[in-house]
Amino acid sequence: MKEKQEEFIKMVKAKIDGRNLQYYILTMGCQLNENDSEKISGMLTEMGYTETQKFEDADIVIFNTCCVRENAEERLFGKIGEIKKIKEHKDLIVAIGGCMMQEKNMVSKIRKSYPFVDVIFGTHTMQNLPEDIYKALIEHEKVKDVIDVDGEIHEDIPIRRNDKFRASVTIMYGCNNFCTYCIVPYVRGRERSRNPQNILKEVQDLANDGYKEITLLGQNVNSYMAHQGADLESAGEINSFAKLLDAVCKIDGIERVRFISPHPKNFTDDVIESIAKNDKIAKIIHLPLQSGNSKVLKEMNRVYNKEQYLELVRKMKDKIPNIVFSTDIIVGFPGETDEEFEDTLDVVRKVNFEQIFMFIYSPREGTPAAKLEQIPEEIKHKRFDKLKELYESKVDENNDKYLHTQQKILIEGLSKNNDKMLTGRTDTNKVVIFEPETNEKIGDMVTVEIIEAHKWYLKGKIIH
Ligand code: SAH
Ligand code: SF4
Ligand code: F3S
């Protein structure tokens, strides 16, 4: 972390020392935002704030925003409205950051409609938060700290993690793909990959601290080091995503490795080999489909067609025993016909996804698809329901295949509905509940045999 920010941390700390001030963070959006919030949390902790889960109790409220779909805006404005009431009778700093603040006109909209907001910061300037808070808190300034230039990579930002056994590690920032519906490349900038040595050090430190499961994060995670401008020279040997996966798996103590989100077009054979040979890599792969129709995929600028997607799945099923898939699907992209949507259902039947994240297309200002002729809301909703129905009709069948198999489970805690039972997940993300045998603890990896399959969970018995 830059010395300048460390100075601001010290100055804020000196100012608020002994006052027991609290912070509240509301995180919207994806795991990248979650990971950013852990860093925001880390900086605030260093400044001397402690966390509260109730925003009425907070002295500083941070909104870390998402703008990938329209409903995020409604949610944020609702929350800012609630904060306004509290701020009327309490000395409170309100800071809004994240992807939405990088959207054109958003900063001026907030300034105009919500003049009481103290700090606005963007995705490329998050690391300056200590300075921004200092200015708001001590100099009573209204701060706007948003730039439209890709940020550098900032190592060593303090971090306060949400979990003790599972951790996310961002390995690359930004996206170069410009899918025509998506706003992410505009708000997160171009692809930048972290130096592999810094990533491995972070994972090693996590292993030393007792972490068992690592999720490598990036908007386009498998194009790690594959984009223009990647600093291959300083990367040395570990100059591809496959090699990074191999290196992370070699770290003792880490027992499970996941990654999101890969893009089908970057799923090279070396990555498939790495998944096949490393037992630690979870055998569920998130492979965003978006649409099963080749014409729609072309209009989305996804760079693969229906056949290529199915071929990739077939190849992975051939090479990796027991592999399963999860996916993202958008229904109601502009111009999508009923017939074209049938292709999406066809791919869903063929791949038999373990998990589907379904989205109704939401036009995003500034993206090419927003300018196309839109299809009526009720058609979008009908298609969404049809997809959901198909997916749910497969859940039982999918769960039954786990019966009598042995699964490795990372124990996450006591079951919510029955505190005599433990709960955890298989590497394919299925929730399993089971009785403790000896003195198993949260964070232990155990092997269980699955004895019952229910719709939303499996029941197991510890073997060892
Ligand atoms: N980089 C990742 C995730 C991007 S955002 C990837 O490519 O998979 C997560 C998901 O939100 C996307 O996969 C997509 O399914 C969905 N999404 C993105 N833009 C959208 C929009 N305008 N309307 C509806 N869903 C959208
Ligand atoms: Fe958006 Fe496409 Fe990039 Fe994913 S790959 S973040 S969907 S532009
Ligand atoms: Fe949303 Fe930003 Fe993630 S727009 S999905 S929080 S990268």
**Report entry** In region 177-201, the residues that are within 18 Å of the chain's Cα centre (by Cα), free of Cβ contacts under 8 Å to residues at least 60 places away in the same chain and either in a helix (DSSP H, G or I) or more than 16 Å from ligand 2 (Cβ to nearest atom) (or both)
**Finding:** PRO185, ARG194, ILE199
Query raised in the report: If we scan region 261-273, do we find a residue that is within 16 Å of ligand 1 (Cβ to nearest atom) and of a type in the set (Gly, Ala, Ser)?
Result: yes
Report task. Name the strands (runs of 3 or more DSSP E) wholly inside region 260-360 in which the number of residues that are among the aliphatic types (A, V, I, L, M) and without any contact (Cβ under 8 Å) to a residue 40 or more places away in the chain is 1 or more. Result -> 355-360
Report summary line: All conditions in (1) open to solvent by less than 60 Å² (accessible area, probe 1.4 Å); (2) over 30 Å from LEU410 (Cα atoms) are true of MET316 except (2)
Query raised in the report: For region 374-407, which residues satisfy the criterion of being among the β-branched types (Val, Ile, Thr) and either in a helix (DSSP H, G or I) or at positive phi (or both)?
Result: ILE379, VAL395
Report task. May I ask you to list the residues in region 361-373 that are open to solvent by less than 40 Å² (accessible area, probe 1.4 Å) and either outside any helix (DSSP H, G or I) or in contact with a His (Cβ under 9 Å, 6 or more places away or on another chain) (or both)? Result -> TYR361, SER362, ARG364, THR367
**Report entry** In region 428-454, the residues that are free of Cβ contacts under 8 Å to residues at least 12 places away in the same chain and surrounded by 16 or more Cβ atoms within 10 Å (Cβ to Cβ)
**Finding:** none
Query raised in the report: LYS212: farther than 23 Å from ILE329 by Cα, open to solvent by 10 Å² or more (accessible area, probe 1.4 Å) and touching an Asp or Glu at 6+ places or on another chain (Cβ under 6 Å), yes or no?
Result: yes
Report summary line: Just one listed residue, out of GLN31, GLN53, is open to solvent by 10 Å² or more (accessible area, probe 1.4 Å), within 21 Å of ARG188 (Cβ to Cβ) and out of contact with any Lys or Arg (no Cβ under 9 Å at 6 or more places or on another chain), and it is GLN31
Requested in this report: Identify, from the list ILE329, ILE356, ILE375, the residue that is modelled with pLDDT of 95 or more, under 20 Å from PRO185 (Cα atoms), of a type in the set (A, V, I, L, M) and within 16 Å of ligand 1 (Cβ to nearest atom).
Outcome: ILE329
Query raised in the report: Applying the selection to region 65-96, what residues are touching a Ser or Thr at 6+ places or on another chain (Cβ under 7 Å) and either without any contact (Cβ under 8 Å) to a residue 12 or more places away in the chain or among the small types (Gly, Ala, Ser) (or both)?
Result: ALA72
Query raised in the report: Scanning region 62-105 for residues that are within 16 Å of ligand 2 (Cβ to nearest atom) and surrounded by fewer than 18 Cβ atoms within 10 Å (Cβ to Cβ), which turns out nearest to LYS39 (Cα to Cα)?
Result: ARG69
Query raised in the report: Which of the residues spanning region 236-257 are within 16 Å of ligand 1 (Cβ to nearest atom) and surrounded by fewer than 21 Cβ atoms within 10 Å (Cβ to Cβ)?
Result: none
Query raised in the report: Just to be sure, is SER393 among the hydroxyl-bearing types (Ser, Thr, Tyr) and exposed (fewer than 13 other Cβ atoms within 10 Å of the Cβ)?
Result: yes
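The values are calculated or read from the model by the stated rules, or taken from the named source; none is laboratory data. In this text, all values refer to a predicted model and were calculated from it rather than measured experimentally. Please note: Cβ atoms are built from the backbone with ideal geometry, for glycine as well, and neighbour counts cover all protein chains shown. Areas reflect the complete protein model, heavy atoms only, side chains present, ligands, DNA and RNA absent. Shrake-Rupley method; radii C 1.70, N 1.55, O 1.52, S 1.80 Å.
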